[in-house]
Amino acid sequence: WYVDKIVQTFSRALPGSISEMMPDYGCPVQAWTIYGLAVPLVTYVLGINPDAYNKSITISPHLPTGWDHAAIYQLPVGGDTISLVIKNNNSSTTYSLTSNANDWRYRLEINGLAGSKYKVNGKVLTAAADEIELKGKANEVEIELMPAHPTKENH
């Protein structure tokens, strides 16, 4: 709700900017204004949590209900730059991760993944835990969505 309210102020006071204060008063452009949009989207929705010192990034996305895709391109993290694209369809979710650095480690965390089959760069694997270790400059992970278990209420 909060992020949606911020987005609604986009370009009201100044093209390409969001208002500092809502509904639409205050200064149109401030350095901290983007914090209310960028931090929740990058950290919580896309779930990007870097450890640049150790050349490692954990990704634990939580797309809101109704979102079928999300992406961020050319995100600088330490000496690396990453792009992440997430696409949901009716049967699977695909995570495409690209980076400029070859020596970083990435961990994709997905709740409930353990025991499920998934693909990394076309290779079918079975998850031992709720996380997938990734390396290299380009990775594509495809995870089949499990059908909901029927209950008495929806029979």
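The values are calculated or read from the model by the stated rules, or taken from the named source; none is laboratory data. Quantities reported herein were computed from a predicted structural model and do not represent experimental measurements. Neighbour counts are summed over all protein chains in view; Cβ atoms, including those assigned to glycine, are modelled from backbone coordinates with ideal geometry. With ligands, DNA and RNA removed, areas are computed over all heavy atoms of the protein, side chains included. Shrake-Rupley method; radii C 1.70, N 1.55, O 1.52, S 1.80 Å.
Figures for the structure shown
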read-out: Over segment 69-133, equivalent-ellipsoid semi-axes from the Cα gyration tensor in Å; value: 23, 15, 10
read-out: Nearest-10 value in Å² for the accessible area of Leu113, using the 1.4 Å probe; value: 0 Å²
read-out: FRET efficiency, Lys137 to Lys5 (Cβ-Cβ, R0 30 Å, nearest 0.05); value: 0.20
read-out: Additional length obtainable on full extension of the chain from Glu144 to Ser116, 0.36 nm per residue less Cα span; value: 9.3 nm
read-out: Accessible-area value, Glu109, 1.4 Å probe, nucleic acids and ligands omitted, Å²; value: 60 Å²
read-out: Surface share of carbon and sulfur [accessible, 1.4 angstrom probe, percent] for segment 81-130; value: 45 percent
read-out: Proximal lysines relative to Lys55, as straight alpha-carbon distance under 16 Å, when same-chain residues fewer than 8 apart are discounted; value: Lys135, Lys137
read-out: Mean separation of Cα contacts under 8 Å, 6 or more apart, over the residue count of segment 34-81: relative contact order %; value: 29 percent
read-out: Rounded FRET efficiency, nearest 0.05, which uses the C-beta distance separating Glu109 from Trp67 and R0 of 22 Å; value: 0.75
